[in-house]
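First comes the structure, then the notes that go with it.
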Amino acid sequence: MNTAHAGDDTKSGAPNMLTIRNLTRQFGAKAAVDNASFTLDRAGFIGIIGRSGAGKSTLLRMINRLTDVSSGEISFEGRPVSTLTGAAKRQWQGQCAMIFQQFNLVPRMDVASNVLHGLLNKRSTLAAMFNIWSDADIARALAILDRLGIAEQAPKRAEALSGGQQQRVAIARALMQDPKIILADEPIASLDPMNAQVVMDTLRRIHDEDGRMVIANLHTLDTARRYCDRVIGMRDGRIVFDGTPDQLTTGVARDIYGADASFSEATTSTALPADRAYAEAMLS
Ligand SMILES: Nc1ncnc2c1ncn2[C@@H]1O[C@H](COP(=O)(O)OP(=O)(O)O)[C@@H](O)[C@H]1O
Ligand SMILES: [Mg+2]
C-alpha cells in the first residue's frame, strides 16, 4: 500500500489520481497560488506546509472548487474538475470533504444532526431543513460517531463538546459524504497537543483503513513529518518543496518558511477564522 510515488508521469495512459497543473489564483495583483504543479498518483496522506499567507488554504479551496481557478488545471482520475459547473461541480464537492481549523459545526444543533448535514450534497435542502433523515442515514451517522469514539456525544449540542471532540464530529460529518478525498485546512491549529494527536491519529486511521486520500494543511513541521507520506512546501504561492518527510530537513524547512538563522521548528501559521464561504456552500 505504501508505495513510493515514483513514476508520476503516466506513460500507460492510466489516469493519475489528482493532477494540479500550472494552477494560479489571482486576487487582484496578488497571486495567492502561483503556477503550482504536482501529481498525486495514489491516495496518499499529504501535508502542505508553509508560513501564513503562502497560499495553502487557497490551494485546498481551489481543489474542492470553493474558490475558482484563475488559470491552470485540476483533474481527478483523468477528468477535469477545475471547469465543472452546476450539478457536476456539486457532485465533485461531495467527493472531497473539507475540514477546518474552527470545525464549522452548527453550534446549537446536536452532534448527530451535524454529522447528517454531511449528506447535504446528496439530499434535498428541504429534507435537511426539516431534519428529515432516513433511518438508514441516522444509523450510519451513529456508526461513524461510534467508529470515532464519540457515540455517546450524539444527542449533545455540538457547542457542549471539547475542541478535540468537535473536530472529530467534523471528521464524522466529512465521512458521512463518503468522500474520496478529505481536505483538512489546519485541522489541529486550535487544539491542545493531546487533542491534536487524537485528531491526527483519526485522520491517519481513516486513510489507512479506508484508503481515502487526505490532504492536510499543517502548521507544525513535526506533525507533517510524523503523519505524512509526502510533504509539499509552499512559499509566496509557489511550490518550493515536494518530497518525503525524510527529505524535509531543517535546512529545507528554513527555506520553505523563509526564515533566517532564528528559525524555529515551532514556527506556526495562522489560518483565517471561520469559513463563511463553506457554510454558505453547505446551506445553499
Ligand atoms: N478572498 C481573498 N481575497 C483577497 N486576498 C486573498 C483572499 N484569500 C487569500 N488571499 C491572499 O492570498 C494569499 C494566500 O492566502 P491563503 O491561501 O489564505 O494562505 P495560507 O492558507 O497559506 O495562510 C494571502 O496573501 C492572502 O491575503
Ligand atoms: Mg490558511
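Only the coordinates and a few stated rules stand behind these numbers; no lab work does. Only a predicted model underlies this, so the values are computations on that prediction, with no experimental measurement involved. Here Cβ is always computed from backbone atoms with ideal geometry, including for glycine, and neighbour counts include all displayed protein chains.
For the listed residue pairs 30/180; 56/156; 56/89, the alpha carbons are over 24 angstrom apart in 30/180; 56/156.
Rank-order 217-223, 145-151 by packing density, defined as the average count of other C-beta atoms within 10 Å over each peptide's residues, highest first. All intermediate terms of the calculation are to be shown ahead of the outcome.
On the way: 217-223: 21.6, 145-151: 17.7.
Most protected by this proxy first, the peptides run 217-223, 145-151.
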